[in-house]
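Peer 1: The structure under discussion is supplied below as structure tokens; questions concerning it will follow.
None of the figures in this text is laboratory data; all of them are computed from the coordinates on show. Just so it is clear, the model here is predicted, and its values are computed rather than measured. Here the Cβ is made from the backbone with ideal geometry for all residues, glycine too, and neighbour counts use every protein chain on show.
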Ligand SMILES: [Zn+2]
């Protein structure tokens, strides 16, 4: 299988605060056996994203038995710390919430763009006897393509279940159904939610490249 989205597939780590000085990016997985307990709530509009462990070191303790670190040994924040501080700023109302692009692993080597989210909150909690971070992200209504300055208003959407994404991906051959591009693919609802469309089956979801996805939304508006 080819990679669904180059950006998601080429990132070296799951949490990337202000990646290369730009938008923050996280990778998540809802698959069974995924390393972190990410989950979707509120009808697909909220992502609860778990912070990340210390890296595994040879002959060291299992990172799953240690607190997730907020700081590096040199005192600088880890990715957990950077996202946590941003979430605290949002909770205090010190500026707008951090925008985060989310990619989801739907199959080995296949990452789908899930949309842009707002980082609205975070907390530390005890899980299996250790501290873990939980970040709360809300899907934004702005699902425009990254890098495009004119961002159209789109109907409010929800996340499409992973199993449906995988089915659509396989059926459409990992390509835009209109031009067969395999770059910057989006899962597109044939009928937007606001008009009564359902995402529960693969029937009304299809793969579109960024360009065709935008053109379609222009027409709806
Ligand atoms: Zn296309």
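Peer 1: Go through 168-174, 128-134, 60-66 and give me the packing order, highest mean Cβ count within 10 Å leading.
Peer 2: 168-174, 128-134, 60-66
Peer 1: Report the FRET efficiency, 1/(1 + (r/R0)^6), for residue 19 and residue 74, where r is their Cβ-Cβ distance and R0 is 25 Å, rounded to 0.05.
Peer 2: It comes out at approximately 0.75.
Peer 1: Also: Please list 117-125, 206-214, 93-101 highest first by mean number of surrounding beta-carbon atoms within 10 Å per residue.
Peer 2: Highest-to-lowest ranking by the protection proxy: 206-214, 117-125, 93-101.
Peer 1: For residue 177 and residue 92, calculate 0.36 nm times their separation in residues minus their Cα-Cα distance, and state this gained length in nm to one decimal.
Peer 2: Full-extension gain reported as 26.2 nm.
Peer 1: Sticking with the crude label model, points 7 Å out along Cα→Cβ, report the distance from residue 65 to residue 123 in nm, one decimal please.
Peer 2: My value for the distance between the label points is 2.8 nm.
Peer 1: Now a separate question. Taking Cα atoms of region 1-140, Rg/Rh with Kirkwood Rh, to two decimals?
Peer 2: 0.95
Peer 1: Can I ask one more? Taking only the alpha-carbon positions of region 57-108 and ignoring solvent, what does the Debye formula give for the base-10 log of I(q)/I(0) at q = 0.25, 0.27, 0.31 Å⁻¹?
Peer 2: -0.99, -1.02, -1.09
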